[in-house]
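The values are calculated or read from the model by the stated rules, or taken from the named source; none is laboratory data. A quick note: this is a predicted structure, and the numbers were derived from the prediction, not measured. Note: ideal-geometry Cβ built from the backbone for every residue, glycine included; neighbour counts use all protein chains shown.
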Amino acid sequence: MSYEERRQAPEEDVETGIEPAGDAAQTAQEPLAPDKDALQEELANLQQEIARFRELYLRKLADFDNYRKRQEREMGDFRRYANGELLRDCLPVLDNLERALAAPGGAAGGLREGVELVLRQFKDVLGRNGLAEVDPAGQPFDPTLHEAISRNEDSRVQEPTVVQVLQKGYRLGERLIRPALVIVAVPAGSVRQANVGQSSEGTNG
């Protein structure tokens, strides 16, 4: 190879090497075309995730609101009935004061007035704490509020009726804390019919 050939050979190599490098640079500069289908699919997935988290958030919010209301209701019931045991223990005292006033030849004069005053004040205190009497004399018998000690037939009544209250009942708010002990008058024949029914059940059993 002559000197002239050796001198020209590198120039050809350089030119040959530059052309591929230029093609690669041009290829690198060209932006990739976005895949619209892939973007739409990803957007749809994100929207589904957002909807799912929103539904979960609303459900948890509703659960918490229900829990808060239930706690408020339970706390209200607790405050309303917290004194139930104390008031129940006071009832025998109330009974004895009433019996003392009802006894023949009992406390007279100033002593009677003092007992009446104590009884009135005691009832006021219990009433302010939500205690209410269940005194059903002359009213229809209600097994949810009254406890019958005995039943007597009476042709003058059309339905079971309380004719005597042996011990008053009491409610605390809407809750019965002691039923009234009563004697009940029932229409004539009711007791016999009840006894016959009980005897039939016993025979069949």
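The table below lists the values:
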{"item": "Looking only at the range 173-205, and only at residues there that are under 30 Å from Arg80 (Cα atoms), surrounded by 11 or more Cβ atoms within 10 Å (Cβ to Cβ) and out of contact with any Lys or Arg (no Cβ under 8 Å at 6 or more places or on another chain), the one that is modelled with the lowest pLDDT", "result": "Arg175"}
{"item": "Hits in the range 108-155 (condition: of a type in the set (D, E, K, R), without any contact (Cβ under 8 Å) to a residue 12 or more places away in the chain and in a loop (DSSP other than H, G, I, E, B))", "result": "Asp142"}
{"item": "Any hit, the range 66-75, residues being touching a residue at least 24 places away in the same chain (Cβ under 8 Å) and either in contact with a Cys (Cβ under 8 Å, 6 or more places away or on another chain) or closer than 23 Å to Ile177 by Cβ (or both)", "result": "no"}
{"item": "Matching residues in the range 141-155 - criterion: being farther than 30 Å from Asn83 by Cα and touching a strand residue (DSSP E or B) at 6+ places or on another chain (Cβ under 8 Å)", "result": "Ser150, Arg151, Asn152, Glu153, Asp154"}
{"item": "Residue among Pro140, Pro92 that alone is at pLDDT 80 or above, out of contact with any Pro (no Cβ under 8 Å at 6 or more places or on another chain) and within 17 Å of Ala180 (Cα to Cα)", "result": "Pro92"}
{"item": "Complete set of residues in the range 156-185 that are in contact (Cβ under 8 Å) with a residue 40 or more places away in the chain and part of a strand (DSSP E or B)", "result": "Gln167, Tyr170, Arg171, Leu172, Arg175, Leu176, Ile177, Arg178, Ala180, Val182, Val184"}
{"item": "Single residue of Leu43, Leu58, Leu94 found to be touching a Lys or Arg at 6+ places or on another chain (Cβ under 8 Å) and surrounded by 10 or more Cβ atoms within 10 Å (Cβ to Cβ)", "result": "Leu94"}
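Table: residues versus (1) closer than 30 Å to Arg128 by Cα; (2) modelled with pLDDT under 85; (3) part of a helix (DSSP H, G or I).
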{"position": "Ala9", "(1), (2), (3)": "no, yes, yes"}
{"position": "Thr16", "(1), (2), (3)": "no, yes, yes"}
{"position": "Gln47", "(1), (2), (3)": "no, no, yes"}
{"position": "Phe78", "(1), (2), (3)": "yes, yes, yes"}
